[in-house]
Every structure is written in structure tokens, then in C-alpha cells.
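Following: one structure in C-alpha cells, then a few remarks.
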Amino acid sequence: MREDRFKFLTSPTSSIAVPGLLIPPSLHNEGNYIISLSQLVRWLGERATELGVEIYPGFPASEVLIEDGRVVGVATRDMGVSKKGEPKDTFVRGMELRAKQTLFAEGARGSCSEKVMDRFKLRDAAADQQSYGLGVKEVWEVPGTKPGLVQHTAGWPMDSHTYGGSFLYTMEPNLVLVGFVVGLDYANPALSPYMELQRFKHHPAVAEHLKGGQCVAYGARVLNEGGLQALPKLTFPGGALLGCSAGFLNVAAIKGSHMAIKSGIEAGAAVYDAVHSDAVEAVEYEKSMRASWVFDELRRVRNVAPGFNYGVYAGMLIAGLVGHVTRGYEPFTLSKHAKGKRDTDATAKLKDAPAPIKYPKPDGVLSFDLLTNLQRSGTNHEEDQESHLRVKPEKADIANGRSLRDWGGPEQHFCVRFVFRRVLADARPLAAGQGVRVRGRQAGHQRSKLPALQGVQHQDAGRVHRVDRARGRRRAGVQCHVSARGVAMLTARCCLLYTSLRCLETAQRVC
């Protein structure tokens, strides 16, 4: 890293550069390297395979296996199922992967992790409800780009009461990585995180880094923003939560990969001891994490995100105070939301909502329509495959009634993969047979718990695998299975390396 910048964008054309001395320590990147996390994950996968670790890419876990009050493994979903739920010629039965300890590292709001937290009541009364953000990112190839720049911004295009900000990195050989994060406790139901990124790129402080370049990749992901206050209990009978499944993220720095790696290492050590002592729960994992630098780092920034509840200016003042003066020793702890409240509760209903945002039409040079960018995302689904997003029957009234009636169907705005589309264009109550249309091939992996769509889940795992049990499912005995994707794969592979060989030095060196 050669240069660190932080700018406050005051309007669509102006900005104020924040002097380095005023930038909070969590946003300083001296001594860090800008790398491709996906390339690192692939490299780690090769090293893990060489050491005898079995990795099953492309086989997502869709059901948690629980017997006698403990987790005994996971089951992968059936492959080759049609939209009607019928086996096709390519049908492959899901497999049960059984283990003494199962580690869940499937990212923010993972389907299996959420079920485990509910089943074992890991988020007790002492923990805040988790809060989320949605990050949208593009990768550009720009000739003449100098690697090593890190730039963060706050302010425009967000209003003074909406939590959000950006990041921009330059890396070898000529890549610019630009992204925008929006806190999902925004008030305006018509806000689109995707379109916020598109208009953000037109600001001179950003456009100068993209001039003459070409967008080559696009992606999005959910982030945990609850911080230390929203961490659940990390262990349960038969397993543990790692990385973003647990909620490890430094929100102030928008960084969590280092915490995911550390959780993998500590879980590996604890799981090895638990397996060889026949312990049901690897309780030492939580103890070691609480004693590590991860909890120290989270404690230091615990009040940064909640500080923005009072507006962007008050939030920046609190962030500066925390970063430069109190450094985590402030005698109070703020909450992102009141106890029991969720991001959804902050979204205004139509009668109280701000005016809908009029987004400029993408110009095809700096900004793009969603379908154009979707082709750059690498998302590829069969046209006739079974939908992995379903509305729970008991929640049908939310998607088919309350969402459109009270909020104007916000899922058609917040979705960053063009998954949801309203059959009706106007905000009339829905009649029988009308409602949310979930697109097939365009459907990316949407797992956000967002306004008015509480009833949508990522795969209807219970239904699929209750049927599987009746048909019979293949079983595989493994020592430790970790379900992971993206950043979570990094965590999983670090953990598997350690658990397989009982060699902390090797795990630390590889990570």
C-alpha cells in the first residue's frame, strides 16, 4: 500500500480530503498488501488438497443434521432438479456428511448457520439483533493504473441519515476495485444499493480512477454490521460458528478476512482437542477467541457503527473520538438498534417515506444497467433448475400483501441480482395468483434479511431433505466438514488444514 486517502463527499461534484492525522486508525492500511482474495482462496485450496483435505466445491450444504440434541453433520442439496421439483436426467442425490464436529463458515446470514442459532438459542437476550449492510463491487481494468492506492469515502450519495460509504483499491497489474456499502437500516424503501454505486462512480473523486478503463467483473455480498454487541454464542453441541457466520467484521474498516482466518485457526485447535477427548462441544474455541486480538479489535470499534444512528456528522465525530481518544475504553456501549429491533423496522412505510429517488439513466461508460453487469458476475444457472429462493408458506402474506401495500415492493429495488420482479407495476393490493416473481437464471445468492421480505429464504432446505430422507440419501463419513463460500472458504480451509494435521505452525504459515 503506497497511499491512504479518506474523502468526505459533500455533493455530486465536490469533496473534502480528510488529513491523514484525522483518519481513524482502523482506516490506516500502512504495511498491508492489496491482493485478490479469490486467488488466495484458490491457492489455499491447492495447498489443502496436497495435505489430504477433501474439498467439495459446488456442493452447498442445505440441511443441518441434528440427532439427540447435537449437530452430527450436514446434507448437501440434490442436484439436477427441475423447476417443478422433479428429477431430471442430470439428477444427483444429495449426500450426508457426518462428523464429530461441524464448523459453519458460510458467510453472513448463512442458511444453515441461522438454523443452528435458532435451534440452540445462541443469540440470547444479551446479544443485539444482527444488523446488515449490502456491498456492491466492480472490478475495472484501467491502463496506466498505479497499484497501492486505498481510498474510502463517506457522505454523498447517501443523505445525512443513511449509513453508507465506499472503498476503492488499485492493484497489479492494472486493476481498480471499487465498491459501495449501504446499511440496510435505510429509511427510503425505494433506495437501490446497486444504483447508488452507479451514480457514485460519476463523482470526480472516483471517475478519475476509472477514466479510460473497462468494467470486467461485478459482484455483491451481505455484511454483518452488528459488531461485538451482536455476536452470538460461538459453540454448540457438535459444532461452532466461524467468520461471518458468527459476525466477525470490523465495520469501521469494512474488513473481516483476517478475523475469519483467525477464527479458523482457533477453531481448528479447539476441535482437534474436542474430537480426541470425545467432548461434545469445543468450548475452548470461544474462550480462545475472546482472549485473542479479534475481540480486542471489535471492542475498540464497537461504538462506531451505532454512532451513525445520530446522523452522518455525529457518526463521524464519534468515530474520530473513538479512534483517536477513547480507543475502545469509552464507559458506554451503544446499540445499532433498540433491543429486539431489526434493520427492517427502520424502513419507512409509503405514507411516511421520503420521496422516491430519481436515479440517472446509466451511460454505458461509467455506469451500467443491472442486466449488463449481471453478465459480468459469473452467475450461471440452468434455465430449468429448481429455484433456490422460495417464500415460506407461512410468510406468504408478507410477500404477497404487506410488502407491496406498506412499502411499495422494496425487493425490486434492493435486489442486486435482478432476482425479484413485481408482476404488477403499481402499488395495488395483490389478488390471488399475483405477487413476487423470482427470476431463474438471473438469481444470484440473495440472503439478506431485508425490508418486507422476511419470508424469503435461501433454499427450502427442510422440504427438500425431508423428502430425501424418505427416498434414502448417500452417506459419507468425514472427520470435519466445513460449509463455505467466498471469504468463508478461506476460513474453512485454514481450519481444515489444522484439524487434519494437528500442526498449528503449518496452519499459521499457510494462512
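The values are calculated or read from the model by the stated rules, or taken from the named source; none is laboratory data. Here the structure is a predicted model, which means the values were calculated and not measured. Cβ placement follows ideal geometry from the backbone for every residue including glycine, while neighbour counts extend to all protein chains displayed. Areas reflect the complete protein model, heavy atoms only, side chains present, ligands, DNA and RNA absent. Shrake-Rupley method; radii C 1.70, N 1.55, O 1.52, S 1.80 Å.
Numbers for the structure displayed
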| item | result |
| --- | --- |
| Qualifying positions in the stretch 354-363 - surrounded by 15 or more Cβ atoms within 10 Å (Cβ to Cβ) and under 15 Å from residue 407 (Cβ atoms) | 354, 357 |
| Residue match in the stretch 69-86 (condition: open to solvent by 40 Å² or more (accessible area, probe 1.4 Å) and part of a strand (DSSP E or B)) | yes |
| Selected residue [among the acidic types (Asp, Glu), over 20 Å from residue 161 (Cβ atoms) and in a loop (DSSP other than H, G, I, E, B)] from 286, 297, 281 | 281 |
| Test: residue in the stretch 95-107 that is in contact (Cβ under 8 Å) with a residue 24 or more places away in the chain, open to solvent by 20 Å² or more (accessible area, probe 1.4 Å), in contact with a Ser or Thr (Cβ under 9 Å, 6 or more places away or on another chain) and farther than 30 Å from residue 303 by Cα | yes |
| Counted residues, the stretch 48-65 - those being exposed (fewer than 13 other Cβ atoms within 10 Å of the Cβ) and among the charged types (D, E, K, R) | 1 |
| Counted residues, the stretch 10-47 - those being over 28 Å from the mean Cα position of the chain (by Cα), under 28 Å from residue 328 (Cβ atoms) and open to solvent by less than 50 Å² (accessible area, probe 1.4 Å) | 2 |
| Residue, least open to solvent (accessible area, probe 1.4 Å), within the stretch 327-353, restricted to residues that are within 17 Å of residue 304 (Cα to Cα) and of a type in the set (A, V, I, L, M, F, W, C) | 334 |
| Residues of the stretch 221-252 classified as over 14 Å from the mean Cα position of the chain (by Cα) and under 22 Å from residue 39 (Cα atoms), total | 0 |
| All helices (runs of 4 or more DSSP H) inside the stretch 157-255 with 1 or more residues being touching a helix residue (DSSP H, G or I) at 6+ places or on another chain (Cβ under 8 Å), crowded, with 21+ Cβ neighbours inside 10 Å and of a type in the set (Phe, Trp, Tyr) | 193-200 |
| Contacts under 9 angstrom Cβ, first residue in the stretch 243-258 being closer than 12 Å to residue 130 by Cα, partner β-branched (Val, Ile, Thr) and open to solvent by 10 Å² or more (accessible area, probe 1.4 Å), 6 or more apart | 244/222; 244/487 |
| In the stretch 381-440, residue surrounded by the most Cβ atoms within 10 Å (Cβ to Cβ) [restricted to those that are small (Gly, Ala, Ser), at pLDDT 70 or above and over 22 Å from residue 187 (Cα atoms)] | 387 |
| Close pairs (9 angstrom Cβ cut-off, 6 or more residues apart or separate chains): over 24 Å from residue 217 (Cα atoms) in the stretch 32-61, open to solvent by 60 Å² or more (accessible area, probe 1.4 Å) and of a type in the set (Gly, Ala, Ser) anywhere | 48/500; 51/500; 52/500; 53/500 |
| Identity of the residue in the stretch 269-287, free of Cβ contacts under 8 Å to residues at least 24 places away in the same chain and closer than 16 Å to residue 241 by Cα, that ends up most open to solvent (accessible area, probe 1.4 Å) | 287 |
| Filtered residues of the stretch 255-272 (kept if within 25 Å of residue 169 (Cβ to Cβ) and β-branched (Val, Ile, Thr)) | 261 |
| Qualifying residues in the stretch 108-148 (those that are of a type in the set (Gly, Ala, Ser) and more than 30 Å from residue 65 (Cα to Cα)) - the one surrounded by the fewest Cβ atoms within 10 Å (Cβ to Cβ) | 144 |
| Given (1) in a loop (DSSP other than H, G, I, E, B); (2) closer than 20 Å to residue 100 by Cα, index of the condition residue 275 fails | (1) |
| Per-region count, the stretch 288-323, residues without any contact (Cβ under 8 Å) to a residue 12 or more places away in the chain and loosely packed, with under 15 Cβ neighbours inside 10 Å | 5 |
